[in-house]
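In what follows, a single structure is set out as structure tokens and then discussed.
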Amino acid sequence: MREILIQEDLLSMKTDSWILDFERNIVSLKEAQTRMVEEYIRALDGINNANVIIVYPKDRISALDQDPVFAITTIIPTLESDILENHKKIEYIQKMLKFSVRGLKDENIVITDQNGTILNEFEGLMYTQRRLSSLFHSVISR
């Protein structure tokens, strides 16, 4: 934000310290939001630990030029957890992330396990499930 004001010659010495305080508060708010989401995921059944990184774009003057927000989440399940096979739980984590972070979209969320396996590739999974379902029904109807 400060860079934008400098570019537009709108920043004076009197407002400079105010802008720095404002920017520090924004950074603190974003860090707090990230920690809150991380703690919420850790509190879910079957989750031993979670790491969340939210990448916020630099502010742009025009909303059309604004880069998207990204979230990368790594979860470490407990030994008895079924979260790696239970796609409903992964979908829940994705929805929780999307609704917790302003501007975050499904296509900009990556959820992995501790080995780096991407867990939220639902479109390919849904295609496979539909294909298996149609094959299953064609076999049964014979």
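The values are calculated or read from the model by the stated rules, or taken from the named source; none is laboratory data. Bear in mind the structure is a predicted one, so any value in this text is a computation, not a measurement. Every residue, glycine among them, receives a Cβ derived from its backbone with ideal geometry; neighbour counts consider all protein chains shown. All accessible areas refer to the heavy atoms of the entire protein, side chains included, with ligands and DNA or RNA removed. Shrake-Rupley method; radii C 1.70, N 1.55, O 1.52, S 1.80 Å.
Numbers below:
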item: Projected label distance in nm at MET36 and GLU85, using a 7 Å step from Cα toward the beta-carbon; result: 3.6
item: TYR92 accessible area, 1.4 Å probe, all protein chains in place, Å² to nearest 10; result: 100
item: Where labels lie 7 Å past Cα in the beta-carbon direction, separation of ASP45 and ILE118 in nm; result: 2.9
item: Accessible surface of GLU85 - all protein chains present, 1.4 Å probe, nearest 10 Å²; result: 130
item: ASP82 accessible area, assembled protein chains, probe 1.4 Å, Å²; result: 70
item: Residue order for LEU79, LEU84 - accessible surface, 1.4 angstrom probe, largest first; result: LEU79, LEU84
item: Those lysines that a straight Cα-Cα span of less than 18 Å connects to LYS30, excepting residues fewer than 8 apart in one chain; result: LYS58, LYS98, LYS105
